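Read through the structure below, which is laid out as structure tokens, and then see the notes.
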Amino acid sequence: MCSNPQTVNLMQLKFFLVVATFQNISKAAEHLFRTQSAVTRAISDLEHQLNSQLFERHYNGVILTEIGQHIYTQAQAAIHELQQIPLLVKQQQAGSAENLPEPFFLYNTRRLEIFATLYLTKGMKNTASLLHITQPAVSSAIKLLEESLKVDLFIRTPNGIKATPICDRIQENIKRCLNIIADIPNQAANFFGQLQGTVKIGALPLIRTYILPKAIAMLAGQYPNIHFLTFENAYESLVAQLRAGDIDFIVGALRPQEQSSDLENQILFEENMFMVVRAKHPLLRKTTLKPRDLLQAQWILPRSNAPARQLFEENFASLELPAPQPTIETGDLALTRGLLLQSNMIAVVSAQQMKYELDQGLIKKLPFELQQTTRQIGLIFRKNSVQSAASQALIQCIENSVT
């Protein structure tokens, strides 16, 4: 993680929120135990960085401008993430979480960048190199955090630096905060119609072939300043990234809502699964396809914990037959396509996954219906997350692509 000169100063954001609350710089300065000139300068620097006037000045105070109100939600979300950290520490220590002081020591963007980078690299030398600072500067920043929180965040082991359990807990808050403030300059530009920024999408296999490319192409054509990052990891890895704020949302086959109480789903459509083979597969010549014909074949199936795999196995159980055992377990569409075209294997897919191959006649559906294999396809968000304007625009394009 390299420091971005455009990253917003967290202390300035805190000052901005307090001034917005009191609608008076003098009262805000008194509340913050800072001089009025220091608060005024912080607001001025923030406005200069965002190239926006955040407050209207009046003889008896200040009020948020429209752009100020637009930025306020993001700023509040970022600071809230940091305010939760002392609470998490107290809960870990089974102490009282009442009347905790404001964690001003956390309102230092550089300090949090050092923490996040060290958590990733697990090495002082690598962290210092990535951030272009000295190793003593890294040690000093971590020491200040540990002393302020009264906990050990990292411990030295024979194999290097290791994060403590409380460090694992608070790193998600810090990463979410850093991701939020990194997008604030884009939010300011978006307010004036200059839609820009980076949209980070967790793409599950089913959606990658047709709907997501169509939506991205649609939005990129309208707004060339938007940058897109897709992540194609397993569902569990994508959820971990979503919780940390490293991706904005996941799109693909939905899981039961009760599995993750901190996530929420938006259903886009439902789709059934079917079996496919290469165009000249021997099974296509059979007038009647029987279950035993399928059991003798080699199979390409989704991974064991995927919803598609569970539905497939339930289908065979309803026929009182053992489910075929896979020769290959994968969620990689390119690998599945190559294996189908070069072998007599059978794969279980949906129309969205193999749309182009089916349209071109490269693969064919087997005439054997899979019952009760309907899946819900949609979007997965972190509850109460704040989506950027660019992210909202892509979500709208995805919705338009399935209607």
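The values are calculated or read from the model by the stated rules, or taken from the named source; none is laboratory data. Quick caveat: nothing in here was measured; it's all calculated off a predicted structure. We place every Cβ from the backbone using ideal geometry, glycine too, and count neighbours over all the protein chains shown.
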Filtering the stretch 112-125 down to residues that are under 25 Å from the mean Cα position of the chain (by Cα) and in a helix (DSSP H, G or I) yields 112, 113, 114, 115, 116, 117, 118, 119, 120, 121
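Does the stretch 270-288 hold any residues that are among the basic types (Lys, Arg), farther than 17 Å from residue 353 by Cβ and either modelled with pLDDT under 85 or not in a helix (DSSP H, G or I) (or both), and which are they?
Scanning the stretch 270-288 gives 280, 286.
Give the number of residues within the stretch 147-186 that are in a helix (DSSP H, G or I), touching a residue at least 60 places away in the same chain (Cβ under 8 Å) and of a type outside the set (A, V, I, L, M, F, W, C). Walk me through how you get there before you give the answer.
The initial filter retains those residues of the stretch 147-186 that are in a helix (DSSP H, G or I), namely 147-149, 165-182, 184-186.
Filter again for touching a residue at least 60 places away in the same chain (Cβ under 8 Å), leaving 149, 165-166, 169-182, 184-186.
Next cut, of a type outside the set (A, V, I, L, M, F, W, C) only: 165, 169, 171-173, 175-176, 179, 185-186.
Number satisfying all stated conditions: 10.
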In this structure, is residue 228 farther than 30 Å from residue 367 by Cα and touching a helix residue (DSSP H, G or I) at 6+ places or on another chain (Cβ under 6 Å)?
yes
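Going through the stretch 227-238 one residue at a time, which ones are outside any loop (DSSP other than H, G, I, E, B) and loosely packed, with under 15 Cβ neighbours inside 10 Å?
Initially, the stretch 227-238 is screened for residues outside any loop (DSSP other than H, G, I, E, B), giving 227-231, 235-238.
The answer is 227, 229, 236, 237.
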If we keep only residues of the stretch 329-350 that are buried (at least 18 other Cβ atoms within 10 Å of the Cβ) and hydrophobic (A, V, I, L, M, F, W, C), then the residue farthest from residue 364 (Cα to Cα) is 333
Among residues of the stretch 239-264 being free of Cβ contacts under 8 Å to residues at least 60 places away in the same chain and under 23 Å from residue 116 (Cβ atoms), the residue surrounded by the most Cβ atoms within 10 Å (Cβ to Cβ) is 247
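Scan the stretch 296-328 residue by residue and report those that are within 21 Å of residue 252 (Cβ to Cβ) and surrounded by fewer than 17 Cβ atoms within 10 Å (Cβ to Cβ). Quick ask: steps written out before the conclusion?
In the first step, residues of the stretch 296-328 are kept if they are within 21 Å of residue 252 (Cβ to Cβ); the result is 300-315, 326, 328.
Once the filter is applied, which keeps residues that are within 21 Å of residue 252 (Cβ to Cβ) and surrounded by fewer than 17 Cβ atoms within 10 Å (Cβ to Cβ), the stretch 296-328 yields 303, 304, 305, 310, 313, 314, 328.
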